[in-house]
Every structure is written in C-alpha cells, then in structure tokens.
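A quick write-up on the structure given underneath.
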Amino acid sequence: MTETLKRRHRPAGPPATVLGRVKRLPAWWLLPAGALAGALAGGAYGVVKTPTYTATSYVLAVPQEKSDPTAALGFAQAYGRVATQLAVLGDAQVESGVSPQTLRDSVQAATSPDAPMISISATAAKPGKARDIANAVSRSLTNNANHTKDSTQVRLLQLSRAIKPEAPASAAPPMTALVGASAGGLLGGLALLVRPRRTEEPVAAPVPAPAQAADLGRET
C-alpha cells in the first residue's frame, strides 16, 4: 500500500524546455530564421532612421593670363584639400547658419585628376539646408582663394550652384530590409557551419534471452 501511494505522489518529470525544442529542429532552420530576423531589423532601421539629403556645388579653377594652364589643375587639387578646413568653414557658418563642427561633419570635397574642378557636397536632414550649406562652402572657398589670385595667377569660379535635392540620399526601408536579410542569412550560414555536430549514440547489441527450455531439460 505504501509503495502504491509513493508511485501516485511521485513528481512528474520536467516539461520540455524551449532549448530542447530548438535542438529538435532541423539544422537548416538557421538560414531562414537569420534572414527573417535581419530583414525585420533592417526594415525597422530604415523606418526609424531620419532620411538624409545631399546637395552638390561645383567650383572651377581658371588660370590667369600669365599662368600656365596646367597650374590650374594643381591649385584645384590644393584648394580641394583645404575646402573643409576651419578657415573656409568659419566664413561659411554665417551664411549657412550652422556651426563649423557641423559643417566639417556634413561637407565633403572631391577633385578630379583630369579637370581643374572641385565638387562640394553637403549632407543634411532637410533638402533646403543641404543646398544652403553646399553653396555657402563653395562661395567661402571661392572668396578665400581669390584673395591670393594675384600671386597664384589662378582664380576660382562657382561653376554650378547646388540645387534642392528631390529625393533622400539615404537608403529606403525596402533596401535596408534587403541588406538586413542578406546579413542575417550570412550569419545564419556561419552559425550553421560552426554549430556542434551531433554524435551518434552507440546502439547496444541485443542480449540473447536465456535458454530456459534447455535448462529445464537438463534438470529433468
């Protein structure tokens, strides 16, 4: 009677844990799960992130009468390197209405090895602000360079003013979702490669039953 009560009140075994259920899933599930998680994360990032706009203005280096035409190319390279320096950005902050540090973070200058041209690109959260920053920096660079045109024999001209961008330069949510899905699938594939392999448990050989009939025959 006591043994029967112990059996009835014996606590049941622990329920199956989430980890145990995950282990029973096939190995390839890491690929679609990683891609789905990456797509959700990338799409959410694209929706939450503030879009940015980029506007570009172009400045041209023009040689003077007593200057070698090839010198304009060299000065364009030099002016392109100082376009984001404090001496130029300090004058542009008054016109653009932003601090020199913000100008330094949002403005990029690029030059061409074949033409004496400098491109001034500005990035901002509003399209009108990006246009104003690009034009302010290009005008400030032109004014600073033309102060020494008598000695350099090269002057800068604003070839093209920046216009208000119509579309953001940052990636749209579908693009960020696609990038996230690719990254998630790649991480899932890497996890699939480095996962611990399952070891096959040795199968015990069947033990033959004792020959009870033979033993009884011998006893008789």
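The values are calculated or read from the model by the stated rules, or taken from the named source; none is laboratory data. The shown structure was predicted, so the numbers you read here are calculated from the model rather than taken from an experiment. Counting neighbours? That spans all protein chains shown, and the Cβs are built from the backbone with ideal geometry, glycine included. Heads up: the accessible areas ignore ligands, DNA and RNA and are worked out on the full protein's heavy atoms, side chains in. Shrake-Rupley method; radii C 1.70, N 1.55, O 1.52, S 1.80 Å.
Below, the figures for the structure above:
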| quantity | calculated |
| --- | --- |
| Every residue from the stretch 81-106 that is crowded, with 20+ Cβ neighbours inside 10 Å and either within 16 Å of N143 (Cβ to Cβ) or basic (K, R) (or both) | A83, V88, L89, A92, S96, L103 |
| Residue that is modelled with the highest pLDDT, among those in the stretch 40-62 that are part of a helix (DSSP H, G or I) and under 30 Å from A130 (Cβ atoms) | A41 |
| The stretch 63-77, residues that are more than 27 Å from K129 (Cα to Cα) and open to solvent by 40 Å² or more (accessible area, probe 1.4 Å) | P63, Q64, E65, K66, D68, P69, T70, L73, G74, F75 |
| Members of the stretch 96-136 that are assigned to a loop (DSSP other than H, G, I, E, B) and within 15 Å of T54 (Cβ to Cβ) | A125, K126 |
| Criterion violated by A115 - all others in (1) of a type in the set (A, V, I, L, M, F, W, C); (2) open to solvent by 70 Å² or more (accessible area, probe 1.4 Å); (3) in contact (Cβ under 8 Å) with a residue 40 or more places away in the chain satisfied | (2) |
| Residues of the stretch 122-149 classified as of a type in the set (S, T, N, Q) and open to solvent by 30 Å² or more (accessible area, probe 1.4 Å), total | 5 |
